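One structure is given below, encoded as structure tokens.
Quick note: the coordinates plus some simple rules give every number you see, no bench work behind them. What you are looking at is a predicted structure, and each value in this text was computed from that prediction instead of being measured. Cβ sites come from the backbone with ideal geometry, for glycine too, and all protein chains shown count toward neighbours.
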Amino acid sequence: MKKVLFSLFALVALFVVSSCSSSETMNKLNGTWETSTVEDGMPVMMTWTFNSADETAKLRAVSSVDGMEVSVLEVKASFTADENTIIMNFDKGEPKFLVPEATVQAFGLSQADVNEIVNGMKEDVGDTYEGTSKTAIETLTDDELVINEDGRIVFHKVK
């Protein structure tokens, strides 16, 4: 009987510790995180904004040429996290692909040009932002988030 009670106590204690670390992770993620990278030879600024109060997240990736934003990807999701993983459930109708008006004007793009750019972005992204996604957390501090999603990506907290 002692073994059974001890086992139950150990399971309850483990559950409480796991719950705390999950809550701590959610609270640490709360805010805006940024990183810059290069994809297809183009600089990309990626921003993740997490709101732990309502468990929502927004990813924004902006590609630029000579300092001008040329394409924007925005994705909304609900999320949960524990100390090792961020689990994203992507919203229906997402992601959104945008070509900023300043880019349209600067390059004299027609609606057909914009549609071609957006369709190309959709092809590149494919079904990446559909359903549920799990991302491994390598490190999470108050000002740095390191994830491993097809390679190591380091985000810095900006607010």
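How long is the gain from Ala112 to Asp142 if the chain were fully straight, where each residue apart is worth 0.36 nm and the alpha carbon distance is subtracted?
6.3 nm
Quick check: net charge around Leu109, other residues with Cβ under 14 Å of its Cβ, Lys/Arg +1 and Asp/Glu -1?
With Lys, Arg at +1 and Asp, Glu at -1, the neighbours total -4.
List the pairs from Lys122/Lys157; Lys96/Lys157; Lys28/Lys58 whose alpha-carbon separation is above 21 Å, in the order I gave them.
Values: Lys122/Lys157 28 Å; Lys96/Lys157 24 Å; Lys28/Lys58 16 Å.
As for pairs spanning more than 21 Å Cα to Cα, those are Lys122/Lys157; Lys96/Lys157.
Summing +1 for each Lys or Arg and -1 for each Asp or Glu, what net charge is found among the other residues whose Cβ lies under 12 Å from the Cβ of Thr47?
On the way: positive: Lys58, Arg60, Lys157, Lys159; negative: Glu34, Glu74.
Its environment carries a net charge of +2.
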